[in-house]
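Working notes for the structure below.
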Amino acid sequence: MKQKEKIIYLAGIIDGEGCVKPNYLIKNKNLVARCVVSNTSFELVSWLKNNFGGYIRIVKREGNRKIQYWWTLRNKEIKDLFPKIIPYLIIKKKEAIQSLSLIKICRKVTKYPY
């Protein structure tokens, strides 16, 4: 799969399965951008991590529910990746643009070089 095709596919995954939002970190009192794709397919989230970076978190559910895998992007990955996928987003385009704006604002007021 070519890189442009991967970017378009990622935009579809984020539109359908993703959550793009600001997140307040209580520990260091920072507001950060966050993108999470939650899925029960480890194959999908490992493909996302291998192709675009980020982190995987395993979330075990009670009862007979399947294990969920969360692929997460933080400020640095969002700053690098979102300009490439925004043209292909439909549902989450507004949130993606706001996330990039948040990162720019936070860079000006915090010591963290996102």
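None of the figures in this text is laboratory data; all of them are computed from the coordinates on show. None of the values given here were measured: they were computed from a predicted structure. Here Cβ is always computed from backbone atoms with ideal geometry, including for glycine, and neighbour counts include all displayed protein chains.
Could you tell me the relative contact order of the range 1-64? Use alpha-carbon pairs under 8 Å, at least six residues apart, and round to a whole percent. List each step's numbers first, then the result.
On the way: 40 pairs, mean separation 13.7, N = 64.
Relative CO of the range 1-64 lands at 21 percent.
With n ≥ 4 as the cut-off for DSSP H runs, can you work out [θ] at 222 nm for the chain, using -39500 (n - 2.57) per run divided by the number of residues, rounded to the nearest 500? Kindly include the intermediate steps, with their values, before the conclusion.
On the way: 4 runs with 54 residues, N = 114.
Taken over the chain, the calculation gives -15000 deg cm²/dmol.
Rounded if a/c is under 1.5, else prolate if a/b beats b/c, else oblate: with a ≥ b ≥ c from the C-alpha gyration tensor eigenvalues square-rooted, which is the chain?
oblate
Which pairs, out of 4/92; 21/79; 21/49; 60/92, put more than 24 Å between their alpha-carbon atoms?
60/92
For the pair residue 2/residue 62, report the inter-label distance in nm, with labels modelled 7 Å from Cα in the Cβ direction.
That separation, rounded to one decimal, is 5.0 nm.
For the ranges 91-104, 2-15, what's the packing order if you count other beta-carbon atoms within 10 Å of each residue, average per peptide, and put the highest first?
With the highest mean Cβ count within 10 Å placed first, the list reads 91-104, 2-15.
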